[in-house]
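These notes concern the structure reproduced below.
Read-outs: derived from the displayed coordinates by stated rules, not from any lab. Not measured: the values here are computed from a predicted model. Here the Cβ positions follow ideal geometry from the backbone for every residue, glycine too, while neighbour counts run over all protein chains shown.
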Amino acid sequence: MKLTPFKFNGVTYYLLLNGAALFDIYDQFGDKGSVLDHIKGNSRSAFEAICWYLEELATQGELLRRHMGHDRQTVPSVDLFMTLLSPLDVSRARAALYSAIASGFGRETEQPREVDKGLLQLEKKNGRRLTRSQYLNAASQFLGLSVKEALLLPVELVLDMVEVEINRHRPKEERNGR
């Protein structure tokens, strides 16, 4: 779950759209249409909805932060936002809410995997494609190297050692081409 920061009145609140917040929105505003419909426009009801959403999503964000072991922060109230939101803050709040809602409905993308440059060069050179786990497995299980040794040695050297070991275990006739 991704928290969306919203700085307001010298405090950073973290907004989170989770299941609890979504069903509270449905209870408060109904489940017809988009959850974004309530905070669109420049009417008094849109302003009140923005303040309500800020309180709800900030509350859920704070609960997640506490669950993750962060220090407690105060949870803002609707009245705080109704009183202190300036016209410029309303547009910033709406943008933060859009971002938090999009993040809540979106899937978290997988973090890019680390690229092992040695394995990448080997693949380019001779077309062999090995994952890091396959490489470490071959080095530790087949050659008896520790993981640390396998990571410190050049990839090509370890793979050459594997080939030598494979050839060593073949029968003499097969090695000599008979």
Table column - 3J(HN,Hα) (Hz), segment 15-29, Karplus curve with 6.51, -1.76, 1.60, x for Gly and Pro:
8, 9, 9, 10, x, 4, 5, 4, 6, 5, 4, 4, 5, 6, 10
How do Leu145, Leu88, Leu36 rank when sorted from fewest to most other Cβ atoms within 10 Å of their own Cβ?
Leu88, Leu36, Leu145
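Take Ser86, Ser77 and order them by how many other Cβ atoms sit within 10 Å, fewest up front. Please report the intermediate quantities before stating the final value.
Working: Ser86 10, Ser77 14.
Final ranking by Cβ density, sparse to dense: Ser86, Ser77.
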Considering only DSSP states other than H, G, I, E and B, which trypsin sites (Lys or Arg not before Pro) in segment 65-105 qualify as loop sites with at most 16 other Cβ atoms within 10 Å?
Arg72
Report, largest value first, the span of the C-alpha coordinates of segment 51-104 along each principal axis, in whole Å.
35, 25, 14
When Ile39, Ile25 are arranged by how many other beta-carbons sit within 10 Å of their Cβ, fewest first, they go Ile25, Ile39
For the pair Ala20 and Ser146, what calculated FRET efficiency results from E = 1/(1 + (r/R0)^6), where r is the Cβ-Cβ distance and R0 = 41 Å, to the nearest 0.05?
0.30
Can you list the residues, at least 5 places off or on another chain, whose amide H is less than 5 Å from the amide H of Phe8, using H built in the peptide plane?
Tyr13
Space enclosed by the convex hull of the alpha-carbon atoms of segment 4-105, per residue, Å³
92
Please work out the C-alpha center-to-center distance from segment 1-57 to segment 85-101 and express it in whole Å.
9
Taking 0.36 nm per intervening residue step and subtracting the Cα-Cα distance, what contour gain separates Arg170 from Thr12 on full extension?
50.2 nm
When the chain is fully extended, how far beyond the present Cα-Cα distance does Asp27 get from Ala102, taking 0.36 nm per residue of separation?
25.0 nm
How far apart, in nanometres, would the label points at Lys124 and Val75 be if each is projected 7 angstrom from Cα along the Cα-to-Cβ direction?
5.4
